[in-house]
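Where a number appears in this text, it was derived from the coordinates with a stated rule and is not lab data. Being a predicted model, the structure only gives us computed values, none of them experimental. In this analysis, Cβ positions are derived from the backbone assuming ideal geometry, glycine residues included, and neighbour counts consider all displayed protein chains.
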Amino acid sequence: MKTVFAIVLTLSMLFGIMTGCGSSQEPVTPPDGSASQGGTVVESGTDSGIPKHLAEIGYQPTGYPVVTKPITFTLAGITNPVYLGTAEDWKKNKFWIRMEEMTNVKFDFIKVISPEAWEEQKSIMMASQDLPDVFFQCKFSKQEEQKFGGQGLLMDIKPYITEEYIPNLVALDKQYPGLLKEITTPTGAIYSLPEITALLPKRAAENITVNKTWCKILGIDLPTDTESFYQMLKAFKTGDPNQNGKPDEIPMCVAGMSQLKFFTTMFGYIYGENGMFADDENQNIIYVPTTPEYKEYLKYFQKLYAEGLMDPDTFALTTNDVKAKGSAKDPLLGVIYTRSARTVVDGLSQLHPDGDIGNVDHIRLNDYEYVVLKAANGKQYCPANSNLATTGRCVVTSKCKYPEVFMRWMDYLYTQEGGTAVWMGREGKEFKIEDGVLKWLNEDGTVASDDKMLDIRKKAAIQMGGNQPGLRPDVVLKMELELVRMQEVVSDYIRPAMPSFYFEDSQVSELTALTADLNPYIEQFAANAITGNIDIDKEWDTFQNTIQQMGGERLRLIYQACLDRYMGK
């Protein structure tokens, strides 16, 4: 569906449009003959099946505009001021302007909050109950959704997630079964509209990343398992792969246990939230630190550390420290843990020392490669960047009088075209695809230089700071050539550690208390084991017994109960 769309923002509410407490209505059935663009106003809900309060504003169940009499919603949300600025900048953004032209729905931006101020401002608004109609591009945790939903501050929008109001989201649920389960609370309510990463097979999280240029220089293949990984690190240490005549190479450089724990993929498990992992059938939760494979993982990295194949400062490093080492004049890093090598390894490629620094993103494609090592049990995993649906991105409050209209407005964002409008602007206006290559456009239609991308997007798109509800469109991959290139070799192995599910209220406090003790204990034990301060064989049984005494099995059972509920058991 190709439509011209827009929204002109206003800071004043239209006369007669109120933001009183909304009430759920039964889903409507579109009248015979779907409303076309600019269709007639429905004068009465009696014969058409449209509720009276919607008929009064000329609500149209299909087509555009959504209403023939303009209405205004109040909106609060997060923005990155570096990119998208203030509420005044939002009013000028072409996305909102185009959306109003298409839908006849306006927005009064009462609060546009920086990420740093969001938590404080959110708390103030919820405590005072001085609420907008909607929170958009926001960040509510699952616990907050249930808390504020249970208090009646957030609206249960499940009655409106129907083919009548938001058919594109319903269609995505049919295409990706389980999507709506990921946003449904244990009580059956739905309090938020999600961000949907339908490109999940192509979206890896941080992963083991190897300097393949060094492998080429040394005449070795990329590693495929733990043994070849070990042999490669030894070659990095002794072979002078950066060719500067100095023994300055760091075979492996990661930021302590915050990154190192995810190397359990080499031993057959993804280290998920609080160390949990669901098996391939989503039937059983496995607590990774309690497995025999975790013991082998600790012994393996103890060996690497003892032989100088890991940075001796590993457990004191932050991610910024790793980046600093990656920015050295001479390439120093053999193995890193990242989603994008360019964010860690600054400067020019070792293969292309005379390359243009402006093209470093493309040059770095030639230096680093993701690897997914095969575990002893034959498993190969690459952690997913996210689950299919990320909740808390958009919520409707109890102040909203016309949730049906807002859902119809949101429906467009769950299309490829709408998602593209959010992320990139309009094809043919802000960008074009020519011979499969993305090219940004100046306002006069001429091709812009790559360094103009940020300025073009901030004037026409709104996804520049995260937390975006709607569908991540396929075309966005054109902006991520490095990621596509690096991830295509691992796409068959990408999966989340477990499905995304909600905890019941009674489980949240118990889980928080358990993990407050367990997580630091496990990470400290692992760090001491890897650095050789602990005899792993002698201390393993004590380690396991302590985990159980601290409530490890109870923690696993909480996750198991959530997985069982998610799977409909």
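A few remarks follow.
- Percent RCO, i.e. relative contact order, over the chain, from Cα pairs under 8 Å lying at least 6 residues apart: 21
- Using alpha-carbon coordinates, inclination of helix 536-549 to the longest axis of the chain, degrees: 30
- Extension reserve of the K432-E227 stretch, reckoned as 0.36 nm per residue once the Cα distance is removed: 69.2 nm
- Taking 31 Å as the limit for the C-alpha separation, the pairs K374/K538; K122/K379; K92/K329; K139/K212; K216/K299 exceed it in the case of K122/K379; K92/K329; K139/K212.
- Quarter of Cα convex hull surface for the stretch 285-336, i.e. mean projection, nm²: 4.9
- Taking only the alpha carbons of the stretch 391-502, we obtain Rg and Dmax values of 16.9, 49 Å in that order.
- Per-pair calculated FRET efficiency, R0 = 41 Å: D279 and D451 via Cβ, rounded to 0.05: 0.30
- For R485, R98, order by how many other beta-carbon atoms lie within 10 Å, fewest first: R485, R98
- With R₀ fixed at 60 Å, the C-beta to C-beta distance from L481 to K52 puts the FRET efficiency at about 0.70.
- Between amide H atoms placed 1.01 Å from N, distances below 5 Å from I71 occur with K106, all of them 5 or more places distant or on a separate chain.
- Relative contact order, percent, the stretch 207-383 [alpha-carbon distance under 8 Å, six or more residues apart]: 37
- Computed over the chain, the per-residue total of -39500 (n - 2.57) for DSSP H runs of n ≥ 4 gives a 222 nm mean residue ellipticity of -10000 deg cm²/dmol, rounded to 500.
- With Cα atoms as the point set, the stretch 453-543 shows a radius of gyration and Dmax of 21.7, 62 Å.
- Inter-label distance, nm, simple model (7 Å from Cα along the C-beta direction), E163/N528: 6.1
- Pairs spanning more than 24 Å between alpha-carbon atoms, out of K106/K459; K323/K452; K111/K399; K261/K569; K94/K439; K458/K478: K323/K452; K261/K569.
- Per-selection metrics, the stretch 207-383 (Cα): Rg and Dmax in Å: 16.4, 53
- Close amide H contacts of I494 (hydrogens built in the peptide plane, cut-off under 5 Å, sequence separation of 5 or more or a different chain): C382.
- Against the chain, whose longest principal axis is taken from its Cα atoms, helix 292-306 shows a tilt of about 60°.
- The length gained by stretching the chain between K329 and D89 to full extension, at 0.36 nm per residue less their Cα-Cα distance, is 82.4 nm.
- Mean separation of Cα contacts under 8 Å (6+ apart) over length of the stretch 119-267, as relative contact order %: 12
- Length added when fully stretched, A376-A306, from 0.36 nm per residue minus Cα-Cα: 23.0 nm
- Binning the C-alpha pair distances of the chain at 20 Å intervals from 0 yields a P(r) profile of 19, 47, 29, 5, 0 %, listed from the shortest bin outward.
- Fraction of beta bridges assigned by DSSP in the stretch 207-383 that are antiparallel (%, nearest 5): 75
- Distance between the modelled labels on Q143 and E504, one decimal in nanometres: 1.8 nm (7 Å Cα→Cβ projection).
- Largest-first ellipsoid semi-axes for the stretch 505-566, taking √(5λ) over the Cα gyration tensor eigenvalues, angstrom: 27, 12, 9
- By DSSP, the beta bridges lying fully in the chain are antiparallel in about 55 percent of cases.
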